[in-house]
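Encoded as structure tokens, the structure appears first; notes follow it.
The values are calculated or read from the model by the stated rules, or taken from the named source; none is laboratory data. None of these values were measured; they are calculated from a predicted model. No Cβ is skipped: glycine too gets one built from the backbone with ideal geometry, and neighbour counts run over all protein chains shown. We work out accessible area using only protein heavy atoms, side chains counted, and drop any ligands, DNA or RNA first. Shrake-Rupley method; radii C 1.70, N 1.55, O 1.52, S 1.80 Å.
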Amino acid sequence: MMSSVGVDDFALVRVPQEQRYSWWSVAVQRFGQVSALSQFLLGSTLGFGMMFWDAFLAFTLGAVILELVAIGVGIIGAREGLQTSVLARWTGFGQGGSAVVGVAIGISLIGWFGIQSGVSAAGLVSLVGVLPAWLWALLFGLAVTFIVLWGFASMKWVAYITVPAFIVLVAWSIGSELFNHDVGALVASPPPGPALTLLQGTTLVAGGFIVGAVITADMTRFNRSSADVVKQTVVGFTLGEYMIGMSGVLLAHAIRSDDIITIVTSSVGWVGTLVIILGTLKINDWNLYSSGLGVVNFVGTVLGKRVNRAVTTLMLGVAGSLLAAGGILDSFIGFLSLLGVAFPPIAGIMVAEYFVVKTWRPELERSRAAGTLPETAPTWVPATLIIWGAAALIGQFVSWGLPSINSLVAAFVLYVVAGKLGLVRGVGVSRTFGESPEVTTSVREGI
């Protein structure tokens, strides 16, 4: 029985064409992710250690890398209308592997959801006061949870409000500080802090959003075409990286510090605090949304039970908010960062399977015509698990190049080689949970 709490938002089935959105509606949300407060902080970090044009080149190289990953995975999501962890069943991972992907996404993003809620709580204490930080963290987390219960449709409207507001407030806060400086002199000035190399800068840019790029299908399944995916990705990343990131670079040169948050809040008061809160809100809803999708897939594949996405989201949101209120998650940042090493190979494997090896691509195409899912999926794909682990280790321990890109490229190449050698084979066959037309129909009626 479908729950009356929120909407299921096609958590385990294809998003039908009539329920998809214009590219601009999706692009605003993508821009909201890329232009978040973390991008502002990334810009200040690069500006503190790099010349302006060196930082510009680092952002350019990093953005190109992220766009290639996001477009590759995003086109798969748009074509198949499926979220990332469900897609993983037929893009190299099998039923069991997709459950691992789902739980990894769920744990990682609910952790970041809690941490971001704590960041906003600090801003709310500064702006409003009245309540202690732990209670603001709880209330902020629950407010975001309420938004996410109604899925993409409600998150779309939040983005329409918060993205323009964030841009205006950032322009105000930065302009207030830069008004007293010669921008030409700032562009030519040496970095105020320890030097960063171009490789280090590009690594920071590419690594800063690689998880978001990997789970792009969660968003692009609502796109109407592959062309829409390309347009929104190029627009979103270009504006986010350059408008917000390079503003952070200039500000770091202006104040000769990378402590942007303190400067912004102290120089423009409540405006700067609102920047922090809005910048967190418009990425935190997607943290929770994708976490819920990952857990729904995990429960479905492992336990064979269909759980409502909104109910799952509510439980995760409450849990994340409580952890944020208790300040527990601060000690898990290292663990969450380590989890991030495992994400780039997922994209490499999915793109290699779907576009090159194509072991299960015909099954996806046949079922797409009927609007359902393939009736079965391989239970495990041992070669994929080995490749995933090897690529993650390459990303963690190979010191040359970009760690996240090393692991992604290694996974892609190893999977293609394994596929051409006939080593990519499923072990066991599992019936696909949630593929029946009856389930699809009930979910559509739920919207």
Residues of type aspartates and glutamates that residue 420 reaches as a straight line, Cα spacing below 15 Å, ignoring anything fewer than 8 places off in the same chain: 353
Take 376, 233 and sort them by solvent-accessible surface of the protein heavy atoms, 1.4 Å probe, largest at the top. 376, 233
Any idea how far apart residue 379 and residue 176 come out in nm if each label point goes 7 Å out from Cα toward Cβ? 6.2
Run the accessible area of the stretch 59-124 with a 1.4 Å probe and give the carbon-and-sulfur part as a rounded percent. 82
Can you spot the aspartates and glutamates whose alpha carbon is less than 17 Å from residue 282's alpha carbon? Ignore those fewer than 8 places along the same chain. 218, 241
What spacing in nm lies between the two simple spin-label points modelled at residue 17 and residue 68, each 7 Å away from Cα in the Cβ direction? 3.2
Could you give the nm distance between label points at residue 397 and residue 413, where each point is 7 Å from its Cα heading toward the beta carbon? 1.7
Using mean Cβ contacts within 10 Å as the protection proxy, how do 196-203, 245-252, 308-315 order, highest first? 245-252, 308-315, 196-203
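Quantify, in whole percent, the carbon and sulfur part of the accessible surface of the stretch 1-51 (1.4 Å probe; protein heavy atoms only).
Whole-percent figure for carbon plus sulfur exposure: 62.
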Compute the accessible area per residue over the chain, keeping the other protein chains in place, probe 1.4 Å, unit Å². 38
